[in-house]
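Since the structure comes first, as structure tokens, the remarks are kept for the end.
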Amino acid sequence: QVHLVESGGGLVHAGGSLTLSCVVSGRIFTINDMGWYRQAPGKQRELVAVISSDFSTNYGDSVKGRFTISRDNAKKAAYLQMNSLKREDTAVYYCYSKVVRTILDNEGNYWGQGTQVTVSS
């Protein structure tokens, strides 16, 4: 089993900052991409940011220049630093990871349970 646990969500005023964390645990041979998606009420899930095993990054257009994704391979963790938050950033944020469980396995996609981020005016 592979488990992803997010933390760091909450309520923040517009213009403020939050940092989300995601830790991967379980049977793991290697972790490839790690990233964050978000889903607001009535909207489709959208990419926020992704970081590959070589630390290259990609961001959704709406968060470029405001959010920063990072990872710590020793801790099997990814982080999302969110600055200059806007009301439209309000959503449930889901961590995901592409994990190879054993040397014999193919890569699989795993998701966390989600953490709520609410930005108030």
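The values are calculated or read from the model by the stated rules, or taken from the named source; none is laboratory data. Predicted model, so just to flag it, every value in this text is computed and none were measured. Because the Cβ atoms are built from the backbone with ideal geometry, glycine has one as well, and the counts that use them run over all protein chains shown. SASA here: full protein model, heavy atoms, side chains in, ligands and nucleic acids out. Shrake-Rupley method; radii C 1.70, N 1.55, O 1.52, S 1.80 Å.
Charges were assigned to the Cβ only: +1 to each Lys and Arg, -1 to each Asp and Glu. The resulting dipole of the range 16-82 about its Cα centre is roughly 180 debye.
Spin-label model, residue 75 to residue 55: label points 7 Å out along the Cα-to-beta-carbon direction sit 1.5 nm apart.
With all protein chains in place and a 1.4 Å probe, the accessible surface of the range 1-98 carries 48 percent carbon and sulfur.
By DSSP, what percent of the beta bridges with both residues in the chain are antiparallel, rounded to the nearest 5?
On the way: 42 of 46 bridges.
Antiparallel bridges: around 90 percent, rounded to the nearest 5.
The modelled label-to-label distance between residue 83 and residue 39, using points 7 Å beyond Cα along the C-beta direction, is 3.1 nm. Modelled spin labels at residue 109 and residue 1, positioned 7 Å past Cα toward Cβ, are 2.2 nm from each other. Solvent exposure of the range 1-69 amounts to 54 Å² per residue of accessible area, where only protein heavy atoms count and the probe is 1.4 Å. Length gained on full extension, residue 62 to residue 120: 19.1 nm, using 0.36 nm per residue less the C-alpha separation. In percent, rounded to a whole number, the relative contact order of the chain is 36, using alpha-carbon pairs under 8 Å and six or more apart.
Please list, by residue number, every one of the chymotrypsin sites (Phe, Trp or Tyr not before Pro) in the range 12-121 that is coil in DSSP and has at most 13 other beta-carbon atoms within 10 Å. The qualifying sites are 29, 55. Length gained on full extension, residue 29 to residue 102, computed as 0.36 nm times the residue gap minus the Cα-Cα distance: 25.8 nm. Here the chain is treated with +1 on each Lys and Arg Cβ and -1 on each Asp and Glu Cβ, and its dipole about the Cα centre works out to around 160 debye.
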